[in-house]
Structure formats: C-alpha cells, structure tokens
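Report on one structure; see the data block that follows.
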Amino acid sequence: MSPIPLQPNFHSDRIEYIPISDQDCDELLALLHHPIFNKYLCDNRDLERAFVEAMIRDRNALFAGKGIGLWLLKHRYEQSVPGFCGFYKNEVLEIVYVSHPDFQGKGLATECALRVIGYLQQGNQPEPFFAKIDLPNIASHKIARKIGMQEVCMEINSVTGGKMLVYQFNAKRSVDG
C-alpha cells in the first residue's frame, strides 16, 4: 500500500490544524507569554518577536523538508485559537502540544497530539519522536502517557538546571488520528 500524500491543513472533530505562518506571530507570542507556557515551554525567558519569527521560519523549513511542523489550532465551533501542536527538530524530532488554560482539562491537547501523530504516520518515513517535559509539568506527563509515549530517561534542562523526563514514541506503534 502506498503512503497517503500529506496535506498541511487538516482537522479533527473540534479543531482545524493550520500550519503556522508569519501572520501567526502575534498569536504565538501571546500564547508563549502566558505564565504557564513561559514557565514550562520557554524556561521563564521573555521571548521577543524576533525569536518567534525565527521559530516560524525553522518550522516552515521542516514543513518544506519533511511535510511536518507546527500547526496553529483553531476551534471549529468557536472563534478562538486554543493553542498549537506539532513537531520541531533540534537534535531529535520532538512533539509539542500547547493548549490555553481556558481549554485545559477537556482532552484537547490529547486529541491534537494524537491527530498530529496520525498525520506523521501517514508520511513516507515515520520516525521515532520524543517529548522532553519539565518534571513539575504534571499535565504534560499525563498527556505523554495517554498518547502512548514511554519514559526513557531523565535529563537536566540546560537553561533552568531543572530535571526533565524524556519520553519516546515508537514509530511502529499506530494511532487512530
């Protein structure tokens, strides 16, 4: 069976997944400045617009090269942007899922993570990916386990000096995305 061609825009029951673009810089910056995301995702650094613009360029290069990247999440039934989700690559491919506190506890991050994993698995060469989660970020640990990731080691966050658990998803495992 030949792989399904990847389409950068797709949807789930509640969410439209739209590849991040330059026009999304302000929305991403606002999400990243939220105290919860600033603490766990940005390591308490006040990110500037230039950083987010560079992040968008890097993610767009990942889309061009591998057909994957970060998607802005737009609620299909409300006029809201509850977060973003997808993959980025440093040394290894990593998954990230960010939902605004107004949308937490409703299964949204789990739904979105499973959907982008399903999308990744439709590609020609699905590969293993990781999640690096600060130890105190209990909600993200729960989601990592719900989506089938396995804890593989602990690392020290090079910015904060805090502990992070590293999870891996086996590319051979299939999800219904």
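The values are calculated or read from the model by the stated rules, or taken from the named source; none is laboratory data. Quick caveat, the model's predicted, so the values are computed rather than measured. Neighbour counts are summed over all protein chains in view; Cβ atoms, including those assigned to glycine, are modelled from backbone coordinates with ideal geometry.
When restricted to residues that are of a type in the set (Val, Ile, Thr) and over 27 Å from HIS141 (Cβ atoms), segment 8-52 contains 1. Close Cβ contacts (under 7 Å, 6 or more residues apart or on different chains) running from residues in segment 120-141 that are farther than 14 Å from TYR97 by Cα to residues that are among the basic types (Lys, Arg) comprise LEU135/LYS163. With respect to the stated conditions, LEU41 is surrounded by 15 or more Cβ atoms within 10 Å (Cβ to Cβ) and modelled with pLDDT under 85. Tell me, yes or no, whether segment 50-67 has at least one residue that is of a type outside the set (Gly, Ala, Ser) and touching a residue at least 60 places away in the same chain (Cβ under 8 Å). Checking segment 50-67: not a single residue is of a type outside the set (Gly, Ala, Ser) and touching a residue at least 60 places away in the same chain (Cβ under 8 Å).
Would you pick out the residues in segment 114-150 that are touching a helix residue (DSSP H, G or I) at 6+ places or on another chain (Cβ under 6 Å), outside any strand (DSSP E or B) and of a type outside the set (Lys, Arg)? Scanning segment 114-150 gives PRO126, ASN137, ILE143, ILE147.
Applying the criterion of being part of a strand (DSSP E or B) and in contact (Cβ under 8 Å) with a residue 40 or more places away in the chain to the residues of segment 90-109, the residue that is farthest from the chain's Cα centre (by Cα) is VAL98. Against the criterion of being more than 14 Å from LEU28 (Cα to Cα), within 11 Å of the chain's Cα centre (by Cα), among the aromatic types (Phe, Trp, Tyr) and modelled with pLDDT of 85 or more, TYR77 does not qualify.
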